[in-house]
1. Taking only protein heavy atoms into account and a 1.4 Å probe, give the accessible area per residue of the chain in Å².
2. Quick check: the distance between the Cα centres of the range 7-21 and the range 45-124, to the nearest angstrom?
3. Name the GluC sites (Glu not before Pro) in the range 1-89 that are in a loop by DSSP and that have at most 14 other C-beta atoms within 10 Å, would you?
4. Hey, in the GNM for the chain with a 10 angstrom Cα cutoff, which one of Asn32, Asn74, Asn84 fluctuates hardest?
5. Calculate log10 I(q)/I(0) of the range 1-65 for q = 0.21, 0.22, 0.23, 0.25 Å⁻¹, where I(q) comes from the Debye formula with a single equal point scatterer on each Cα and nothing for solvent.
6. As an exercise, identify the chymotrypsin sites (Phe, Trp or Tyr not before Pro) in the range 1-66 lying in DSSP coil whose Cβ has no more than 14 other Cβ atoms within 10 Å.
7. Sorted from largest down, give the three principal axis spans of the alpha carbons of the chain, whole angstrom values.
8. Can you give me the relative contact order of the chain as a percent, contacts being Cα pairs under 8 Å and 6 or more apart?
Amino acid sequence: QVQLIESGGGLVQAGGSLRLSCRASGRALGNNVMGWFRQALGKEREFVAAVVWIGGWTDYAAFVKGRFTISRDNVENTVNLQMNSLKPEDTAVYYCAAGAWTGSLYYQRDYDAWGQGTQVTVSS
């Protein structure tokens, strides 16, 4: 079972930037997809971005394209989410997730391991 530890959340003003990191341990990530989801207060958890470990293919939710960048570090077993031009509506708890790569990465059911979440708050 993989363990995921997130870091990097915090409070930032609108237009600012934050970088989230997620370190994975406990299993090799060679055939995995790593993703970020978020859940705002009173809302459903939603897909933000993901990266396929082998090959590095990435995909993003429409509402973050051009603002967020997901990347992986094979040496550190870490996936990062660089968030720029943050908006108040980006305020949420952000969760890192990992799962076996099956060709799908947009749904919570595609992932079998989750981090504890890190709070991101964007003030207006």
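1. Using a 1.4 Å probe on heavy atoms only, each residue of the chain averages 49 Å².
2. Here the answer is 14 Å between Cα centres.
3. Glu44, Glu76
4. For the chain, modelled as a Gaussian network with Cα springs under 10 Å, the answer is Asn74.
5. Here the Debye-derived log intensity ratios amount to -1.11, -1.18, -1.24, -1.32.
6. Trp57
7. 40, 27, 25
8. Computed over the chain, the figure is 35 percent.
The values are calculated or read from the model by the stated rules, or taken from the named source; none is laboratory data. Being a predicted model, the structure only gives us computed values, none of them experimental. All Cβ positions, even for glycine, are placed from backbone atoms using ideal geometry, and neighbour counts span all protein chains on display. Accessible surface areas use protein heavy atoms only, side chains included; no ligands, DNA or RNA. Shrake-Rupley method; radii C 1.70, N 1.55, O 1.52, S 1.80 Å.
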